[in-house]
Amino acid sequence: TAAANAGLAVFCEKPVDAEPEVIEKLFNLCASKNVPLCCSFQRRFDNTYVSAQKSIAAGDIGTPTFARVFFADHPCPSIEFLKTGGDPFMDLAPHDVDFVRWCLGSDPIEIHGTGSSSDPELSKEGVLDTAMITMKFENGCLCNIFMSRAATYGYDQRCEIFGTKGMISVENEAENACVLSRSDGIKKAKHKYSFPQRFREAFENEVNTFVETVLDGTEWPVTKDDCIAAQAISSTASKSSQAGKILQYVRPICAGAISNLNEPETESFEKTPGASRQVAAMSG
């Protein structure tokens, strides 16, 4: 709010806020001040994920019928952290929810969330460290998102989308591409350590795109509606888990179209002296 009132562009990772109404309010405030509010979902800036989305949009796999996401975080947060703020539906799901929604060009109509606690201490506190979301989308596509707080072997982030003509997948990235093959087996490097390593280039792309948005007035590829929908869907999954039943997803009134990196639907902003000075200070 202070940055917008000062005429400065705003950049943040998801979420802008947990509540759709607050997200709407903040985007409207920035628009009224003619400054962009640039919220990032890093998969939209990762070359592999972007290639997958473009391939689906081009019809390479036909009509998508099933999407499967496997996300196991590394390293596991401390028990103390999880006790005070460890809802996997709100912490882990939004990035993948946004990516699947972006690829399918559709919103879910049914959502079921469920979870469990693998640690007795977490179970005692009612905190989940393993969770799953199953969704049925308006276009008929089914989706399953699995989430875990703790992969012991590195950052495990995979996605498959199956269609009537084929399938596209996003695989894990290793610390290096060296593979040792011998008579006693095949050995290759571990998965990358965590999200800063896995999405390093994506984060760089985010900053570069933000600079272009501020200095050149180009359109930011993630819309207000995308931000609202990712939070609302994840929140519905969390409520489903608590209620123990499938919930119908009702799109918030403020959420509308699904943005596309090739055809962004956000408003364009004129570059301002204040914003230019801000980026110059960041890069200098």
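List the residues, sorted by chain then number, that are 5 or more residues from A189 or on another chain and whose placed amide H is less than 5 Å from its amide H.
N176, C178
Once a ≥ b ≥ c are taken as the square roots of the eigenvalues of the Cα gyration tensor of segment 173-242, is the result rounded (a/c under 1.5), prolate (a/b larger than b/c) or oblate (a/b not larger than b/c)?
Oblate is the answer for segment 173-242, as a/c is 1.5 or above yet b/c matches or exceeds a/b.
Just to confirm the number: angle between the C-alpha axis of helix 273-283 and the first principal axis of the chain, 0 to 90 degrees, nearest 10?
Computed tilt is about 40 degrees.
I'd like the FRET efficiency for M167 and A2, computed as 1/(1 + (r/R0)^6) with the beta carbon distance as r and R0 of 41 Å, rounded to 0.05. Don't skip to the end; give the middle numbers.
Numbers: r = 47 Å, r/R0 = 1.14.
Using R0 = 41 Å, I get an efficiency of 0.30.
Taking only Cα atoms, what is the 0 to 90° angle, nearest 10, from helix 200-216's long axis to the longest principal axis of the chain?
Tilt of helix 200-216: around 10 degrees.
With the cut-off at 1.5 for a/c, could you classify segment 150-194 from its C-alpha gyration tensor as rounded, prolate or oblate?
Details: a/c = 2.86, a/b = 1.50, b/c = 1.90.
Oblate shape, in that a/c is at least 1.5 and b/c is the bigger or equal ratio.
Expected output is a single nm value to one decimal: the length gained when fully extending between N34 and E175, i.e. 0.36 nm times separation in residues minus the C-alpha distance. What is it?
Details: separation 141, 0.36 × 141 = 50.76 nm, distance 4.22 nm.
That works out to 46.5 nm of additional length.
Going by amide H atoms built from the backbone, whose H comes under 5 Å of the H on C38, apart from near neighbours?
V10, F11, C12
Within straight cross-link reach of K192, meaning Cα distance under 23 Å, which lysines are found once same-chain residues fewer than 8 apart are removed?
Candidates past the 8-residue exclusion: K14.
With unit charges on the beta carbons (Lys and Arg positive, Asp and Glu negative) and the dipole taken about the Cα centre of the chain, which residue among T223, Q242, A72 sits farthest to the positive side?
Most positive-ward Cα: A72.
Less than 12 Å apart at the alpha-carbon level, and either on another chain or at least 8 residues along: which aspartates and glutamates does that give for K83?
D119, E121, E125, D129
With N set to the residue count of segment 1-149, report its C-alpha Rg divided by 2.2 N^0.38 Å to two decimal places. Could the numbers behind the result be given before it?
On the way: Rg = 17.8 Å, N = 149, 2.2 N^0.38 = 14.7 Å.
That ratio works out to 1.21.
With runs of 4+ DSSP H residues as the only contributors, calculate the mean residue ellipticity of the chain at 222 nm using -39,500 (n - 2.57) per run, divided by the residue total and rounded to the nearest 500. It would help to have the intermediate numbers written out before the result.
On the way: 11 runs with 109 residues, N = 284.
The helix contribution divided over the chain gives -11000 deg cm²/dmol.
Near the amide H of T63, under 5 Å away, which other amide H atoms are found, from residues 5 or more places off or on another chain, if H is placed in the peptide plane?
Result for T63 returns T164, K165.
Would you list the P(r) distribution for the chain, with all Cα-Cα distances sorted into 10 Å bins from 0 and each bin expressed as a whole %?
Bins of 10 Å from zero give 6, 26, 33, 25, 9, 1, 0 percent of pairs.
Using only the alpha-carbon atoms of segment 66-223 as identical scatterers, what base-10 log of I(q)/I(0) does the Debye formula give at q = 0.13 Å⁻¹?
The Debye formula, applied to the Cα set alone, gives -0.80.
FYI, it's all coordinate maths here, none of it is from the lab. On a predicted model such as this, the values are computed, not experimentally measured, just so you know. No Cβ is skipped: glycine too gets one built from the backbone with ideal geometry, and neighbour counts run over all protein chains shown.
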